[in-house]
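Worksheet: one structure, shown below.
The numbers here are math on the coordinates, done by the rules we state, and not lab data. Since we're looking at a predicted model, the values are computed, not measured. Neighbour counts run over all protein chains shown; Cβ positions are idealised from the backbone, glycine included.
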Amino acid sequence: MEIFTRLNFNPVFYSEVVAGGKMPNLMYMTTFENKEDRDAHWDAFRVDPAWKRMSSLPEYQNNVSHSDITFLRPADYSDF
């Protein structure tokens, strides 16, 4: 999560799924100004030296089997 913070991903929350058929599962929500801003942040993440080191560790090899990406817009009555 340090990488997201350092790269200004504007994290809203991080959580681990505690029940269900898709475990282990890390969930998180980040915020961006627009899709272009989001894409630029993920481009920076992919080449980040800390991410490169972490993703090369044996315990993290081939463990992402699926990603769900949902784009949301706050409702008028939202606190966000």
Inset, instruction - Find which of 14, 4, 58 sits farthest along the positive direction of the dipole of the chain, computed with +1 on the beta-carbon of Lys and Arg, -1 on that of Asp and Glu, about the Cα centre. - result: 58
Inset, instruction - Give the label of the value calculated from the structure for Kirkwood radius over Cα pairs in Å, choosing from (1) 12.4; (2) 14.2; (3) 14.6. - result: (3)
Legend entry - Environment charge of residue 50, counting only residues whose C-beta is closer than 14 Å and scoring Lys/Arg +1, Asp/Glu -1: +2
Legend entry - Helical contribution to [θ] at 222 nm, DSSP H n ≥ 4, -39,500 (n - 2.57), averaged over the chain, rounded to 500: -8500 deg cm²/dmol
Inset, instruction - Select from 31, 77, 47 the residue farthest towards the positive end of the dipole of the chain; place +1 on Cβ of Lys and Arg, -1 on Cβ of Asp and Glu, and compute about the Cα centre. - result: 47
Inset, instruction - Quick one: dipole size for the chain, taken about the Cα centre, charges +1 on Lys/Arg Cβ and -1 on Asp/Glu Cβ, in debye to the nearest 20. - result: 260 debye
